[in-house]
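See structure below.
The values are calculated or read from the model by the stated rules, or taken from the named source; none is laboratory data. On a predicted model such as this, the values are computed, not experimentally measured, just so you know. Glycine also receives a Cβ, built like all others from the backbone with ideal geometry; neighbour counts cover every protein chain displayed. Note: accessible area is taken over every heavy atom of the protein model, side chains too, but ligands, DNA and RNA are not part of it. Shrake-Rupley method; radii C 1.70, N 1.55, O 1.52, S 1.80 Å.
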Amino acid sequence: MDEREELMKRIKILEDQLEYYRMRDEQMEQMLQEYNQFIKKQFEMYDDFVKDIGTSRIIDSLTRVYSSEHMSRLIAYYHQKAFEENRGYAIVMVKLRQQNDCFERNLVSVAKLLKNVVRVPMDSVGRFSNDSFVVLLTDVNKENAQKVVDRIKDSLKRTVETDTRVALRVYPNDGEDLEKLIGELLSEVA
């Protein structure tokens with residue numbers, strides 16, 4: 001009888017182990033499915049990005065800088081990255097105040113000027129609205145960002161034939177709420 005009880009105990013242990021491994025197998029299968037869905041979404045996002053390169057969803061056709069939609073995504077992405085990695089960045093807003101006969105030419109001039117003043121590819125220039133641009137300066141502190149703004153202002157005075165306004169906000173010095181930072185920029189250039 002002892003042998004039989006011993007065998008029954010071993011069978012029970014083996015059945016418990018088998019049940020445990022079945023449960024682990026189901027968990028692994030579920031994790032694989034979740035991972036596959038995640039990877040599929042990543043590939044879809046990448047495909048969408050590649051499909052949009054060179055289109056008006058990425059590049060503004062008039063000024064040849066990033067579109068407003070793309071810059072919004074880029075700034076939101078970099079804001080999250082800066083938060084996670086404890087980095088600083090700055091947003092510069094440049095607004096043309098007068099829409100005259102030379103408005104389109106001034107827009108193109110300002111776009112070229114901004115692309116020449118920033119550190120491409122580290123920094124990004126984009127159209128924010130019909131009459132304004134936004135510049136994302138990555139990995140900068142307030143002092144260096146102010147130097148870039150001063151260069152922008154000096155270049156604008158020398159090359160653009162219209163009144164412009166320039167505003168600067170630095171993360172995290174001027175705040176950590178992205179919507180508030182952009183709202184303050186818009187108020188300042190208005």
Point to revise | Quarter of Cα convex hull surface for the range 84-181, i.e. mean projection, nm² | key: 6.2
**Study point:** E104-S72 FRET efficiency (beta carbon distance; Förster radius 30 Å; 0.05 resolution)
**Key:** 0.85
Exercise for review: Compare the peptides 125-134, 15-24 by average per-residue count of other Cβ atoms within 10 angstrom and give them in order, highest first.
Suggested key: 125-134, 15-24
Practice item. Between N116 and T159, with labels modelled 7 Å along Cα→Cβ, what's the label distance in nm to one decimal, could you check? Key: 0.3
**Study point:** Potential extension, M45-N141 segment - 0.36 nm per residue separation minus Cα distance
**Key:** 31.4 nm
**Study point:** Carbon/sulfur fraction of accessible area - the chain, other protein chains in place, 1.4 Å, %
**Key:** 51
Point to revise | Label corresponding to mean projected area of the Cα convex hull in nm² when calculated from the structure given, among (1) 12.7; (2) 10.2; (3) 15.7 | key: (3)
**Study point:** Pairwise FRET efficiency - E84 versus D16, Cβ, R0 = 35 Å, nearest 0.05
**Key:** 0.25
Check your understanding: What percent do you get for the relative contact order of the chain when only Cα pairs under 8 Å and 6+ apart count?
Key -> 23
Point to revise | Additional length obtainable on full extension of the chain from Q30 to N130, 0.36 nm per residue less Cα span | key: 31.2 nm
Point to revise | Accessible area (Å², per residue) of the chain, counting only protein heavy atoms and a probe of 1.4 Å | key: 68
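Counting Lys +1, Arg +1, Asp -1, Glu -1, what net charge surrounds E34 among other residues with beta carbon under 14 Å of its beta carbon? Please report the intermediate quantities before stating the final value.
On the way: positive: K40, K41; negative: E26, E29.
With Lys, Arg at +1 and Asp, Glu at -1, the neighbours total 0.
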